[in-house]
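The values are calculated or read from the model by the stated rules, or taken from the named source; none is laboratory data. Note that the structure is a prediction, hence the values are computed from the model and not measured. All Cβ positions, even for glycine, are placed from backbone atoms using ideal geometry, and neighbour counts span all protein chains on display.
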């Protein structure tokens with residue numbers, strides 16, 4: 001979503017604020033689930049078992065026939081897995097073929113992945129230390145380590161960094177601990193969630209190193225069912241959209257007739273949250289936490305990672321989730337979801353009506369090649385966008 005779409009959402013957000021309601025700028029729904037292979041080979045020709053998939057990220061190259069390449073990371077290992085995925089116009093996966101693997105120079109508990117296309121590296125959220133570690137995408141050699149603020153040394157075992165997301169320009173990273181640091185209060189229960197510290201890192205053209213630039217308190221939802229061994233409710237992934245919108249995926253594990261696992265997606269409002277980087281504990285109050293708006297709840301099995309896929313018609317984009325088979329009921333699978341913006345092209349000038357003024361405003365942006373005029377969300381500005389715009393305009397509203 002670019003400038004004009006942000007204006008539209010700002011108008012809607014103002015109306016929602018007047019009524020005391022928070023407004024989500026996107027919607028999410030699920031399309032399908034597909035199983036994938038359990039074996040592949042690394043760069044040396046050595047076969048290995050695909051297991052413990054915990055994160056996925058898109059690679060920049062696209063193949064003929066609408067195919068896209070992704071890379072997945074396995075936890076408690078030194079393995080990456082490459083996969084080619086084809087989605088239809090609804091975002092459903094029609095083909096998912098594992099194409100190979102990469103052995104890294106280190107074995108750690110890697111839980112999430114982001115790709116730095118310019119540097120040809122991957123950044124991995126490592127739960128144990130915790131830290132973010134960078135490796136070559138071609139050789140698997142270690143490149144760099146991004147150390148977080150010292151407060152994260154208070155992480156509880158198996159509740160360190162579970163998530164990682166990078167901005168499209170490669171300058172911003174977000175991660176967080178899965179559940180509360182020991183200094184920040186108890187773990188999640190059936191009656192209460194847990195306090196989490198969202199951590200932002202930035203870098204600029206003058207300095208290639210990421211530095212911490214903000215830390216914010218986030219409260220997870222309670223566990224969704226009865227307590228069992230390993231029960232939890234925390235953040236398993238973060239997703240940063242191109243317009244800066246941050247989405248959290250919480251994972252709850254418990255005994256429930258509706259399923260052992262529950263995945264909850266939230267849009268996060270960070271702008272008015274307190275920077276808690278100097279707080280010894282966020283369990284004592286005196287802060288504004290991150291506001292969150294519920295987007296979607298699903299009961300698929302152990303979904304640990306998610307990433308943005310290709311653009312889809314209708315102002316939508318595919319999301320690809322990955323399931324970790326490290327329990328008796330989950331198998332190696334991908335989940336296809338769809339993220340959609342509710343922006344209405346018919347009222348293009350945001351005056352509350354659909355008339356000739358919208359046509360005039362749209363033509364100005366279309367002629368200038370403004371990305372706001374990408375009515376069919378295919379990444380380009382051409383005649384097909386005119387057709388998509390007039391379809392909505394003639395109908396007098398959003399299609």
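The sole residue among 281, 220, 182 that is touching a helix residue (DSSP H, G or I) at 6+ places or on another chain (Cβ under 9 Å), surrounded by 15 or more Cβ atoms within 10 Å (Cβ to Cβ) and either farther than 23 Å from residue 330 by Cα or in contact (Cβ under 8 Å) with a residue 24 or more places away in the chain (or both) is 281.
Residue 263 meets all of the listed conditions (1) within 15 Å of residue 215 (Cα to Cα); (2) buried (at least 19 other Cβ atoms within 10 Å of the Cβ) but one, namely (1).
Report whether or not residue 271 is assigned by TED's automatic domain parsing to the domain that holds residue 81, outside any strand (DSSP E or B) and under 25 Å from residue 80 (Cβ atoms). No: the conditions fail for residue 271.
Sort out which residues of the stretch 133-146 are touching a strand residue (DSSP E or B) at 6+ places or on another chain (Cβ under 6 Å) and farther than 13 Å from residue 106 by Cα, and write them in order of number. Within the stretch 133-146, 137, 146 qualify.
Quick check on the stretch 156-165. Is at least one of its residues part of a strand (DSSP E or B) and surrounded by 23 or more Cβ atoms within 10 Å (Cβ to Cβ)? Looking for residues that are part of a strand (DSSP E or B) and surrounded by 23 or more Cβ atoms within 10 Å (Cβ to Cβ), one finds at least one in the stretch 156-165, hence yes. The sole residue among 314, 309, 305, 285 that is more than 24 Å from residue 339 (Cβ to Cβ) and either touching a strand residue (DSSP E or B) at 6+ places or on another chain (Cβ under 7 Å) or modelled with pLDDT under 95 (or both) is 285. Give the residues of the stretch 238-253 that are part of a loop (DSSP other than H, G, I, E, B) and either at pLDDT 95 or above or surrounded by fewer than 20 Cβ atoms within 10 Å (Cβ to Cβ) (or both), sorted by residue number. Of everything in the stretch 238-253, those that are part of a loop (DSSP other than H, G, I, E, B) and either at pLDDT 95 or above or surrounded by fewer than 20 Cβ atoms within 10 Å (Cβ to Cβ) (or both) turn out to be 241, 242, 243, 244.
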